[in-house]
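Quick notes on the structure that follows.
The values are calculated or read from the model by the stated rules, or taken from the named source; none is laboratory data. Everything numeric here is computed off the predicted structure, so don't read it as measured data. Backbone-built Cβ (ideal geometry, glycine too); neighbour counts: all protein chains shown. Surface areas here come from the heavy atoms of the whole protein model, side chains and all, with no ligands, DNA or RNA. Shrake-Rupley method; radii C 1.70, N 1.55, O 1.52, S 1.80 Å.
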Amino acid sequence: MNKTTLADGSPVTPDHREIDPTTDQQRGYVVLSAEERAKGFVRPVRRSYVHLKCGALTKMSLPLAETYARQPDFYSGTFCVGCGTHFPLTEFHWDGTNEVVGS
Ligand SMILES: [Zn+2]
């Protein structure tokens, strides 16, 4: 199994999936470790995606974007800033493309 951390590089905690009421996002998001991401990408590093249902554009931090680029199937769902909650990846396209996030 590939080594993972939270997006800020800290160790993965048992409560990282708890929703922070101030942001509606998880307290932390798991990413591939910096060491694993440094091994190279199989997709471009894309920083934003569009939710097809509401049209909102959500931007990600670089560690998450690089995790998608290294391992496109790493995540099963993601956050929409427009809706304020998480949905399956099939509801999102990379910004400016017709490509489903995670493909
Ligand atoms: Zn949305």
Could you tell me which residue of segment 75-84 is least open to solvent (accessible area, probe 1.4 Å), considering only residues that are in contact with a Leu (Cβ under 9 Å, 6 or more places away or on another chain) and within 8 Å of the ligand (Cβ to nearest atom)? Gly82
What do you reckon, is Val30 of a type in the set (A, V, I, L, M) and either in contact with a Leu (Cβ under 6 Å, 6 or more places away or on another chain) or open to solvent by 50 Å² or more (accessible area, probe 1.4 Å) (or both)? no
Of the criteria (1) under 20 Å from Gly96 (Cα atoms); (2) over 15 Å from the mean Cα position of the chain (by Cα); (3) open to solvent by less than 70 Å² (accessible area, probe 1.4 Å), which one Ser48 fails: (2)
Here is a check on your reading of the model: is Pro72 away from the ligand (no atom under 16 Å from the Cβ), in a loop (DSSP other than H, G, I, E, B) and surrounded by 16 or more Cβ atoms within 10 Å (Cβ to Cβ)? yes
Just need a number here: residues in segment 33-43 that are surrounded by 13 or more Cβ atoms within 10 Å (Cβ to Cβ) and part of a helix (DSSP H, G or I). 2
Return yes or no: is Glu99 of a type outside the set (A, V, I, L, M, F, W, C), under 23 Å from Lys3 (Cα atoms) and either more than 16 Å from the ligand (Cβ to nearest atom) or at pLDDT 95 or above (or both)? no
Options Thr58, Thr23; residue that is free of Cβ contacts under 8 Å to residues at least 60 places away in the same chain, open to solvent by less than 70 Å² (accessible area, probe 1.4 Å) and under 13 Å from the mean Cα position of the chain (by Cα): Thr58
Counting only residues that are within 16 Å of the ligand (Cβ to nearest atom) and part of a loop (DSSP other than H, G, I, E, B), which one in segment 44-69 is nearest to Gln26 (Cα to Cα)? Met60
